[in-house]
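Right, one structure below, let's go through it.
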Amino acid sequence: MKLGKSRIHLLIMLFAVSSLLVHVPSDAFAADTWTAATTTNVGTTHLHEVSMSDASNGVAVGAAGTIVFTSDGGDTWTIPTTTNVGTTSMNGVSMGDASNGVAVGSDGTIVFTSDGGDTWTAATTTNVGANNVRGVSMSDASNGVAVGDSGTIVFTALVSSEDSTTGEEKESSSDTCYDCEAPKLTKVEVHITSQNSDTQRISTSSEIWHFEQDTPYPMFDDDITPIIADPGDEVEIILELTDNRTLEKIADSGTYTNFLTKPNDMNNFYANNFDEYGKVSTTFYEWHNTGDDLFYDYDQTVEWSPADITIQESAEYVEGGQAPNLDGLVGTFTISFKMKFLQPMQTTDVWVQATDRSGNFFKVALPLTLKVAGNEPLVFESNVNQKVLGFYDESMLNDVVSDWTGSTQDVSELAEILGIADEQLPPWVANLALWVSEDRISMGDMIVSIEHLINN
């Protein structure tokens, strides 16, 4: 019996459909089964990020400066020959291809590799300061973006076909980069205004520095000017800036002082401004052009006044002028920071910074130190039979105070060394010992305060 053509076509279609229904590709659900790597070389270290450029090659990063790479799909991982990150926590990595990639981490760390992860080189220019960098994404070997704390966003891009190394910022000419220069600091003024409480006489002292503009940052010699104020004084710091683009595009500027070893209870949100010794600024003011100003004072040292801004620009380009502006303008951007000190402050640096809207910035320590001296001398109620603490073991007292770790510790040990009764020292005296251990006051200041206490 012969089948008609229509019936043959129907049978063929049914067979094809049934074949599709029962056929399962051999590589379906490839990620359903995971196998432990043969070799990891990371021990129990926390890993934060991994990036595979293809099925075989990839890099993983983590805490304590950990970087490892694989070339066999993740079965074995190898420690790089060079990382250039020390023990810095590495937060993110992105491989643009099998050879080239970028890793980022805490304290502004950015490193790149061009050999698959075996050797890593620190980027020449990062523009992230000491901000923690949290993530990075490379679209190819030369182009990518990194992000981090305090609104940090930076990018790298290939600007010359003659040099295509990964991750390192390249020099570019003015015709390929609209704004490649950071603002420059041209002048700094520091004014201290004091008012005598008895005579109501107001006096002002000033220091002024001018800076050459041949280098991106002010170049200071070893001459550091010590500036000393008293509680109740107003200290005004005036920065004069210029830039290669209109000064209306200065995005933010800040003044940072009162650098201390980071207090345990200091909010980490504010602990992003460090000096060259790793101490954190606990008193600072940041002016923002398009947002709210940010000011912080950990231990109620100062009262800040709002920043005062003055922009003076000429509409005519001045050839060879002190501050030529590529937009055809010349002029200065002046910002004034005022702080009234409420209590003493140890000798400390003062750092300043400014950033334009293209993300170019400088951050430098000024050629001065600032100290707020102690309060007025203590006045005892009686001039006779004053109790003094002249007979104590100074070395033993110093050992006890240097190990002080908190303001809630028992003060009985202090009382025993000083030869006074426990009840004469209230618990808050522990704060004095803590401040001595943090170098915020001297041992002599603590002794004078305790003598005042036991005589009143």
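Rule-based calculations on the coordinates, nothing more; no lab input. As the structure is a computational prediction, the values presented were derived from the model and not from experiment. Glycine gets a Cβ as well: all are built from the backbone with ideal geometry, and neighbour counts include every protein chain shown.
Of note:
- Difference of contour (0.36 nm per residue) and Cα-Cα distance, Q343 to A31: 106.1 nm
- Under the Karplus curve 6.51 cos²θ - 1.76 cosθ + 1.60, θ = phi - 60°, whole-Hz ³J(HN,Hα) for segment 118-133, x wherever Gly or Pro sits: 7, 10, 10, 10, 6, 4, 5, 10, 10, 6, 10, x, 9, 5, 5, 9
- Residues in segment 239-267 reached by a label modelled at H288 [backbone nitrogen below 14 Å; 7 Å Cα→Cβ]: 251-254
- Available extension along the chain between E438 and C180 is 88.7 nm, counting 0.36 nm per residue and deducting the alpha carbon span.
- Cβ-derived FRET efficiency at R0 35 Å, W209 paired with M52, nearest 0.05: 0.10
- Counting Lys and Arg as +1 and Asp and Glu as -1 over every other residue whose Cβ lies under 12 Å from the Cβ of P226, the net charge comes to -2.
- Net lengthening on full extension, T125/N264 (0.36 nm per residue, minus Cα-Cα): 46.9 nm
- In sequence order, segment 96-108 has phi-based couplings of x, 7, 5, 9, 10, x, 10, 10, 10, x, 5, 6, x Hz under the Karplus curve 6.51 cos²θ - 1.76 cosθ + 1.60, θ = phi - 60°, and Gly or Pro positions carry x.
- FRET efficiency, 1/(1 + (r/R0)^6) with R0 60 Å, evaluated for D72 and E416 via beta carbons: 0.35
- Ordering of 149-156, 42-49 by packing [mean C-beta count within 10 Å, highest first]: 149-156, 42-49
- Among the listed pairs K340/K363; K187/K262; K187/K363, those beyond 26 Å (Cα-Cα): K187/K262
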